[in-house]
Amino acid sequence: MTVESDESPDHARAWRLAESSSAYLRGAREQAIDWYPWGTEAFEAAKRLNRPVLLDIGAVWCHWCHVMDEGTYSDDTVARLIAQHFVAVKVDRDANPEVDRRYQRQVNALTGEGGWPLTAFLTPKGETFFGGTYFPPQGGMGRPGFRQVLLEISRLWREEPSKIRENTQALATALTHEHHGTGREEPLSSSGFVASVRTSVLSSYDPVNGGFGTAPKFPHPTAVSFLFWDSFASGSEDSAERARLTLSRMADGGMYDHIGGGFHRYSVDEGWHIPHFEKMGIDNAALLSAYAEGYRRFRDDSLRDVLRGTAGWVQSTLADPKGGFGASQDADNAPGDDGSYFTWSRPELKAVLDSTELRLITRYFGVGSEGRMPHDPDRNVLFRLMTAEEAAEGTGLDPAQARAAIDDATRKLAEARLRRPRPIVDPALYASLNGGFIRALTATSTALGEPRLLEAARRTADRFLSEGYTESQGVAHQLAPSGGQGFGHLEDQADFAWGLVELAGRAVEPTYLARAVELYELILSKFRVDGMPLRDIAPDLYDGPSVGAVDETAFPVEDMPHLSANSTVALGLLRLASLTGDDRWRAQARQLIGRCLPRLERAGLFGAGMALAAGLAETEPVRVVVQGNDVVADSLWTAALTAWHPNAWAFRGTPPTPFSLPEELASAVGQPETSRALVCWGTRCAPPVTDPLRLRNLVGSRSPPPTAA
């Protein structure tokens, strides 16, 4: 017997979402579907009505989420079927990553699919029995129509409940097997794991376009950092050159916004030409850190320009006036749109540029070539096809004039683009993302010598510590107008703690270090499971509704593709150990790495974060103290800051407690007659250095010179 809804689709509205802090949920408030937010109310309704739960997980930045909202969920027949047969729940994956993590895992185990929008059908207990991603209202694009899916699911629910039980039982069995890892009697050693990840990273490397794998192609900044470390550890330039090519090709491609700065989410093709246009804060924070490494390693001006452009976009578009950074910028600026804000037609270019500029820009940015949009070939993604010198051939301009003309033309295009309707920005302030920005902006400030970026990192840290942090609870998931909300998430503690470590070391600020230590103590006490990796939510701290799959234990160990929370903790602990000289933090990192390896033996590229941590755990850190107050000391200080080493700290003069120096280095610090730099690897120190170039080379070396004490 069919139970009819109390409301028809003509009157039902997602009124429960109207006051949500989530822009994604608020965007559905006018749909003719009686959406529930995530929580106990929806599952209680499903039990009372004996209906399955329709779970939609998406995000405000997600193009295909908009397509499904505008097409499928706005379809009258779809709305009527949902009203008659289902309880509908809508979740913002940024606001509820713990919900997304579990149901992505379940749907992927059932169907091999994942991503956003995630569409799952659940029992009133929250067990997944069917799912997928995007569904059109009617069959097409190689996918069944959602009308058909809803009818079949409702029939199965009424007529064949045994099939529902079979699916939930099969899923439970699959997840139990995954939970217990590979079952290898002898776990892979740390060095063996690093070697296996190296093999996977190198085998997936694209020698033509840089990056890893084939289309669709995602940036993997953690794999880039792993390659930099691998080159350092082996003494070979090969891995570093692969990392450099990857950074350069991504920056040349249309995935980088050459007009406004910042990176789009991923490329639909192998050559980085055509992106998915959403700009994610999490991507840009991770890429800033990777490009800062690349610039310090190679001193390549093109990498410097990308750093400045990306940091500029972050500050102009995502920055909150009170401190902190929003989550994302949408891909689209209207229903049915697909990146029109970021793309150009020839008439649009001609309306802005003079004839010489138009010729240069057309050639330089490959207008009419690989950057044409597949659904609208008249619109072009701008990507760097050639050098300014090559673009200037036949124009009568010398290279310097050509570069200046291209810069002027790019500024004109930026001004013209600002007059277009702009894609919305999600201003939500998440701790994990902002911890990543604290780390990234600290690194970028150091690489570029721009104090304003360090100040932005400080303001971000100060705001979260003031409005969303307590010693007993850690940092809240999100800063809302009423204060911090959502406690007990590992990724928030992990990213924020590591951000504080980097900021503390660069600013030489004991308060930031003290808060970082508190967070690591909280992590190691509240998120630990005996003999296992760290779990993603702490039962004693988590204040969200424990319904559906949330009660299941999850261990985030794989990079997806961003650095996993367990890897983030391990790397942050290693940096804390080298900053303070307290080896108990290094011991904790090694213990955590050992607990994670059994779950990562088949991770390949997606284990790069833990492989980097395992490598750094065996890499001696470097500490530098620069003494003096003249121009020589200034030059030494610049060299110390901008030299690259996978785990180095530099101080201008003797740092205060609790910033620790090795005994040998501390005893050497005095009042020298001339400016100098003191460099130590572990407990071994080099003779004092007065030449900036020699200092740069020393910091970047694997071990002290033979004459070191």
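No lab work stands behind these numbers, since they all come straight from the coordinates. It should be emphasised that the depicted structure is a prediction, and the values quoted were computed from it without experimental measurement. No Cβ is skipped: glycine too gets one built from the backbone with ideal geometry, and neighbour counts run over all protein chains shown.
Where a Cα-Cα gap under 21 Å defines reach, which lysines qualify for Lys412, not counting those fewer than 8 residues away within the same chain?
Cross-link targets: Lys350.
At 0.890 mPa s and 25 °C, plugging the Kirkwood radius over alpha-carbon pairs of segment 25-82 into Stokes-Einstein gives what diffusion coefficient in µm²/s?
Numbers: Rh = 12.5 Å.
Here the translational diffusion coefficient equals 197 µm²/s.
Spelling out what I want: for every residue of segment 650-667, take phi, set θ = phi - 60°, compute 6.51 cos²θ - 1.76 cosθ + 1.60 (Karplus), and round to whole Hz; glycine and proline get x.
10, 10, 9, x, 6, x, x, 4, x, 6, 9, 10, x, 4, 5, 6, 4, 6
How much of the DSSP bridge set in segment 27-139 is antiparallel, in percent, rounded to the nearest 5?
Details: 9 of 17 bridges.
Restricted to segment 27-139, the bridges split so that about 55 percent are antiparallel.
As a footprinting exposure proxy, order Lys47, Lys279 by other Cβ within 10 Å, with the fewest listed first. Display every interim value, and only then the final one.
Numbers: Lys47 14, Lys279 28.
Fewest-to-most ranking of Lys47, Lys279: Lys47, Lys279.
Calculated FRET efficiency, Gln315 and Gln84, Cβ-Cβ r, R0 45 Å, to nearest 0.05? If you can, show how the numbers build up before the last one.
Working: r = 49 Å, r/R0 = 1.10.
Efficiency at R0 = 45 Å is approximately 0.35.
With unit charges on the beta carbons (Lys and Arg positive, Asp and Glu negative) and the dipole taken about the Cα centre of the chain, which residue among Leu441, Tyr103, Tyr266 sits farthest to the positive side?
Of the listed residues, the answer is Leu441.
How much net charge surrounds Ser432 when only other residues with a Cβ under 9 Å from its Cβ are counted (Lys, Arg +1; Asp, Glu -1)? Don't skip to the answer; put the middle values down first.
On the way: positive: none; negative: Glu491, Asp492, Asp495.
Result for the neighbourhood of Ser432: -3.
If you place +1 on the Cβ of every Lys and Arg and -1 on the Cβ of every Asp and Glu, how big does the dipole about the Cα centre of the chain come out, in debye to the nearest 20? Intermediate values should be presented prior to the final figure.
Working: 72 positive and 92 negative charges, 137 e Å.
It works out to roughly 660 debye.
Using the count of nearby Cβ atoms within 10 Å as a rough guide to exposure, how do Ile523, Ile424 rank from fewest to most?
So the ranking, lowest neighbour count to highest, is Ile424, Ile523.
Can you list, by residue number, the Cys in the chain that have no neighbouring cysteine C-beta under 4.7 Å?
Cysteines lacking a close Cβ partner in the chain: Cys596.
Kirkwood Rh, segment 553-668, all Cα pairs: how many Å? Let's see the in-between values first.
On the way: mean 1/r = 0.0635 Å⁻¹.
For segment 553-668, the Kirkwood estimate is 15.8 Å.
Using 7 Å Cα-to-Cβ label points, what is the Ala174/Ser546 separation (nm, one decimal)?
Going by the 7 Å Cα→Cβ label model, 2.7 nm.
Which order do Val87, Val631 fall in if you start with the one that has the fewest other Cβ atoms within 10 Å? Before the final figure, lay out the partial values.
On the way: Val87 24, Val631 9.
By the 10 Å Cβ count, ascending, the order reads Val631, Val87.
Using only C-alpha positions, report the orientation-averaged shadow area of the convex hull of segment 294-411, nm², one decimal. If you can, show how the numbers build up before the last one.
Values: hull surface 39.7 nm².
Its average projected convex-hull area is 9.9 nm².
Using the Cα centre as the reference, give the magnitude of the dipole from point charges on the C-beta atoms of segment 320-405 (Lys, Arg: +1; Asp, Glu: -1; all else neutral), rounded to the nearest 20 debye. Could you put the intermediate results ahead of the total?
On the way: 9 positive and 15 negative charges, 31 e Å.
For this selection, approximately 140 debye.
Once fully extended, how much extra length lies between Thr654 and Glu450, figured as 0.36 nm per residue of separation less the alpha-carbon to alpha-carbon distance? Please report the intermediate quantities before stating the final value.
On the way: separation 204, 0.36 × 204 = 73.44 nm, distance 2.28 nm.
Here the segment from Thr654 to Glu450 would lengthen by 71.2 nm.
Arranged from highest to lowest average of other beta-carbon atoms within 10 Å per residue, in what order do the peptides 234-242, 53-61 appear?
Working: 234-242: 14.9, 53-61: 25.8.
Ranking the peptides 234-242, 53-61 by packing returns 53-61, 234-242.
For segment 622-699, what is the charge dipole size about the Cα centre, in debye to the nearest 20, if Lys and Arg each add +1 at the Cβ and Asp and Glu each add -1 at the Cβ? Please list the in-between numbers first.
Numbers: 6 positive and 6 negative charges, 43 e Å.
That gives segment 622-699 a dipole magnitude of about 200 debye.
Over what distance in Å are the Cα centres of segment 13-71 and segment 542-563 separated?
20 Å
Which entries in the list Lys125/Lys163; Lys217/Lys322; Lys125/Lys279; Lys322/Lys526; Lys163/Lys217; Lys90/Lys526 go over 27 Å, if you measure between the two C-alpha atoms of each?
Details: Lys125/Lys163 16 Å; Lys217/Lys322 35 Å; Lys125/Lys279 36 Å; Lys322/Lys526 31 Å; Lys163/Lys217 37 Å; Lys90/Lys526 29 Å.
Lys217/Lys322; Lys125/Lys279; Lys322/Lys526; Lys163/Lys217; Lys90/Lys526, as the Cα separations exceed 27 Å there.
For segment 277-293, take each phi angle, set θ = phi - 60°, evaluate the Karplus expression 6.51 cos²θ - 1.76 cosθ + 1.60, and give the result in whole Hz per residue in order, putting x for glycine and proline.
These are the phi-based 3J(HN,Hα) values: 7, 4, 10, 9, x, 4, 5, 5, 5, 5, 6, 4, 4, 5, 5, 4, 4 Hz.
What percent antiparallel are the DSSP beta bridges of the chain, to the nearest 5?
Numbers: 40 of 53 bridges.
So the antiparallel bridges amount to about 75 percent of the total.
Name the shape class, rounded, prolate or oblate, that the alpha-carbon gyration tensor gives for segment 15-179, where a ≥ b ≥ c are the square roots of its eigenvalues, rounded holds for a/c under 1.5, and otherwise prolate holds if a/b is larger than b/c and oblate otherwise. Working shown, then result.
On the way: a/c = 1.33, a/b = 1.22, b/c = 1.09.
Rounded, since a/c falls under 1.5.
Positive end of the charge dipole of segment 622-699 (Lys, Arg +1 and Asp, Glu -1 on Cβ, about the Cα centre): tell me which of Pro658, Gly670, Asn697 has its Cα farthest that way.
Selected residue: Asn697.
Assuming 0.36 nm per residue, please report the length gained on full extension of the stretch Thr40 to Asp582 beyond their Cα-Cα distance.
Numbers: separation 542, 0.36 × 542 = 195.12 nm, distance 4.48 nm.
Length gained between Thr40 and Asp582: 190.6 nm.
Roughly what % of DSSP beta bridges within segment 622-699 run antiparallel, to the nearest 5?
Details: 9 of 14 bridges.
Taking every DSSP beta bridge within segment 622-699, about 65 percent pair in antiparallel fashion.
Roughly how large, in nm² to one decimal, is the mean projection of the convex hull of the alpha-carbon atoms in segment 654-696?
On the way: hull surface 13.5 nm².
For the Cα atoms of segment 654-696, the hull's average projected area reads 3.4 nm².
Given the options Val381, Gly139, Pro399, identify the residue whose Cα lies farthest towards the positive end of the charge dipole of the chain (+1 on Cβ of Lys, Arg; -1 on Cβ of Asp, Glu).
Positive-most Cα among the choices belongs to Pro399.
Rounded to whole Å and sorted largest first, what semi-axes of the equivalent ellipsoid does the C-alpha gyration tensor of segment 338-496 yield via the square root of 5 times each eigenvalue?
Values for segment 338-496, descending: 43, 20, 13 Å.
Compute log10 of I(q)/I(0) for segment 622-699 with the Debye formula, placing one identical point scatterer on every Cα and leaving out solvent, at q = 0.13, 0.22, 0.24, 0.25 Å⁻¹, to two decimals.
The calculated log intensity ratios at q = 0.13, 0.22, 0.24, 0.25 Å⁻¹ are -0.31, -0.96, -1.15, -1.26.
Dividing the Cα radius of gyration by the Kirkwood radius, what Rg/Rh value follows for segment 417-484?
Working: Rg = 14.5 Å, Rh = 13.5 Å.
My calculation puts Rg/Rh at 1.08.
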